[in-house]
1. Filter the stretch 14-32 down to the residues that are in a strand (DSSP E or B) and closer than 16 Å to VAL82 by Cβ and list them by number.
2. Looking at VAL43, VAL35, can you tell me which residue is part of a loop (DSSP other than H, G, I, E, B) and either touching a strand residue (DSSP E or B) at 6+ places or on another chain (Cβ under 6 Å) or of a type in the set (A, V, I, L, M) (or both)?
3. Restricting to the stretch 68-79, give me the number of residues that are farther than 19 Å from THR22 by Cβ and of a type in the set (Val, Ile, Thr).
4. Mind counting the residues in the stretch 18-42 that are within 18 Å of VAL76 (Cβ to Cβ) and out of contact with any Ser or Thr (no Cβ under 9 Å at 6 or more places or on another chain)?
5. Which one is surrounded by the fewest Cβ atoms within 10 Å (Cβ to Cβ) among residues in the stretch 85-106 that are at pLDDT below 95 and of a type in the set (A, V, I, L, M)?
6. Any residue at all in the stretch 76-84 that is in contact (Cβ under 8 Å) with a residue 60 or more places away in the chain, surrounded by 14 or more Cβ atoms within 10 Å (Cβ to Cβ), touching an Asp or Glu at 6+ places or on another chain (Cβ under 7 Å) and not in a loop (DSSP other than H, G, I, E, B)?
7. Scan the stretch 43-56 for residues that are more than 14 Å from PRO77 (Cβ to Cβ) and among the hydrophobic types (A, V, I, L, M, F, W, C) and jot them down.
Amino acid sequence: MDATLPIHATLKDISATYNQDTISRALQTEEKLPVELWAQVVVADGEVDLKMSGKTARLTPGTSAVIPPETPFTFVPTGKPVRFYLNYFHEPLLADGKSLASQLGRRVA
């Protein structure tokens, strides 16, 4: 689970808060995010397993995971209480070369 959010990604939305009884069926079966949409999993209490890219990570408070676009993922309840939510991010929108240079912290003449 080594993915990181793109630099200057913009928070688009925050999901509902899920618990061990309300994790949607879609999140418990293989799901994919659309192109250009990233998710950051934030665990408030308890623990939940995240399967992604052939690996499973146990997420607890203080740990988080980033789900890249178009990457299959599944949440697996551990049988213990949990409360978590997802922050959804869009990749930065770039209008032209100057915007790209600015995002990269470079000066353009």
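1. Residues satisfying the conditions are TYR18, ASN19.
2. Exactly one of VAL43, VAL35 is part of a loop (DSSP other than H, G, I, E, B) and either touching a strand residue (DSSP E or B) at 6+ places or on another chain (Cβ under 6 Å) or of a type in the set (A, V, I, L, M) (or both), namely VAL35.
3. Kept after step one, since they are farther than 19 Å from THR22 by Cβ, are these residues of the stretch 68-79: 68-72.
Then keep just the ones that are of a type in the set (Val, Ile, Thr); that gives 71.
Residues meeting the conditions: 1.
4. The number of residues fulfilling the criteria is 7.
5. So, considering only residues that are at pLDDT below 95 and of a type in the set (A, V, I, L, M), the one surrounded by the fewest Cβ atoms within 10 Å (Cβ to Cβ) is ALA95.
6. yes
7. Once the filter is applied, which keeps residues that are more than 14 Å from PRO77 (Cβ to Cβ) and among the hydrophobic types (A, V, I, L, M, F, W, C), the stretch 43-56 yields ALA44, MET52.
Here is a yes/no grid of residues against (1) of a type in the set (A, V, I, L, M, F, W, C); (2) at pLDDT 95 or above; (3) over 19 Å from PRO92 (Cβ atoms); (4) exposed (fewer than 14 other Cβ atoms within 10 Å of the Cβ):
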| position | (1), (2), (3), (4) |
| --- | --- |
| ILE7 | yes, no, no, yes |
| ASP13 | no, yes, no, yes |
| TYR18 | no, yes, yes, no |
| GLU31 | no, no, yes, no |
| VAL35 | yes, no, no, yes |
| TRP38 | yes, yes, no, no |
| LYS51 | no, yes, yes, no |
| ARG58 | no, yes, yes, yes |
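The values are calculated or read from the model by the stated rules, or taken from the named source; none is laboratory data. Everything numeric here is computed off the predicted structure, so don't read it as measured data. Note that each Cβ is placed from the backbone with ideal geometry, even for glycine, and that neighbours are counted across all protein chains shown.
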